[in-house]
Amino acid sequence: MNHLIDIKNLKNEEILEIIELAKYYEKHVPEGTQRKKQKGSVVLLFFENSTRTRFSFEMASRKLGLDVFNFEAQNSSISKGEGVFDTLNNLNAIGCDIAIIRHTKEGFIEELARKHYAYELSLVNAGEGKSSHPTQALLDFYTLTKHLGSLDGKKIVIVGDITHSRVAKSNIELLSRFGAKIVCCSPDYFKDSTLKHIKYEFDINTALKDADAVMGLRIQKERLENQIPLANYIKDYQINEKNMPKNAILMHPGPVNRDVEISSALLDTKGDVIIEQPRNGVFVRMAVLDIIFEGVQR
Ligand code: ASP
């Protein structure tokens, strides 16, 4: 694996290899990467805001003994007009082996990966526009299998702003490949008509019935073309103490807008898995970086 750009590019065996290695890292503090003891450098380039993903990649890199650099676009040559490819090529020449990128534009990281770099450079997608967030899907898969075992036949309900959510897209791609029965629940204005093969349910009580896991999504304010009727959304689509099935696990990629997508009361009584997700994210990202690093040094 040289890059991690989209779940679509990973075979099921590769996904399972990441999960196995993440399990190892959950139990063991590494002295270097598991594959080889080596130094390496990672640069984080985030063109959109982030807390969890950015800290998680930074923590994962440090735990693997990698050098990690944060690139601040506003204080860099990008502000002088340099394009991202030229910046990356120079960072690569300076000694960065992996660039972890978050960007607003769909397909941007794939475009960057097709260019020619002076030295070997691996790219990792840390969230791209509304289309993909592969490491979030991997950590959600890790978390789900820890709680539910095999996902074959398990009902996973994704509630909220499906249209603008990269988390939903990557999760749908990954979880359905492992047999999960995905149900999307949203008002019509958040329905994604490109997801033709996915079951849609407009009524939240019907959607959540017999769910094994419920995944809330944040309303992506920064990507909305039109205002939405927020009070109605909360009334009809908030996950709360009344509609949440007792035995299901509650997930959310964060950040959670309390009392919008999930009620505070539910978050405070059933939000333990939501806090476990970012923890698991570190192990999963360690595994991803470790597997890529072997590729870089080969
Ligand atoms: N943190 C996730 C993302 O970057 C979810 C969100 O922002 O709502 O896509």
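Structural remarks
- Legend: calculated FRET efficiency, Asp152 to Lys80, from the Cβ-Cβ distance at R0 = 41 Å, rounded to 0.05, equals 0.20.
- Low-density loop cleavage sites - GluC sites (Glu not before Pro) in the stretch 206-290, where at most 10 other Cβ are within 10 Å (DSSP): Glu225, Glu241
- Cross-link pairs Lys155/Lys270; Lys155/Lys242; Lys196/Lys246; Lys154/Lys270; Lys155/Lys199 - those with Cα-Cα distance over 22 Å: Lys196/Lys246
- Sparse-neighbourhood loop sites, chymotrypsin sites (Phe, Trp or Tyr not before Pro) in the stretch 102-154 - DSSP loop, at most 15 other Cβ within 10 angstrom: Tyr119
- Asp188/Ile234 FRET efficiency (R0 25 Å; Cβ-Cβ; nearest 0.05): 0.95
- Take the Kirkwood radius over Cα pairs of the chain, plug it into Stokes-Einstein at 4 °C and 1.567 mPa s, and you get 66 µm²/s for translational diffusion.
- Computed from Cα positions, the angle between helix 166-177 and the longest principal axis of the chain comes to roughly 80 degrees.
- Extension gain, Asp203-Glu222: 0.36 nm per intervening residue step, less the Cα-Cα distance, totals 4.3 nm.
- Low-density loop positions, trypsin sites (Lys or Arg not before Pro), the stretch 170-238 - DSSP coil, at most 12 other Cβ in 10 Å: Lys196
- Scaled radius of gyration (Cα, divided by 2.2 N^0.38 Å) that the stretch 74-177 gives: 1.33
- Ellipticity estimate at 222 nm from DSSP helix runs (n ≥ 4, -39,500 (n - 2.57)) divided over the chain, nearest 500: -12000 deg cm²/dmol
Taken together, the values in this text are just the output of simple stated rules run on the coordinates, not laboratory data. These numbers come from a predicted model, not from an experiment. Glycine gets a Cβ as well: all are built from the backbone with ideal geometry, and neighbour counts include every protein chain shown.
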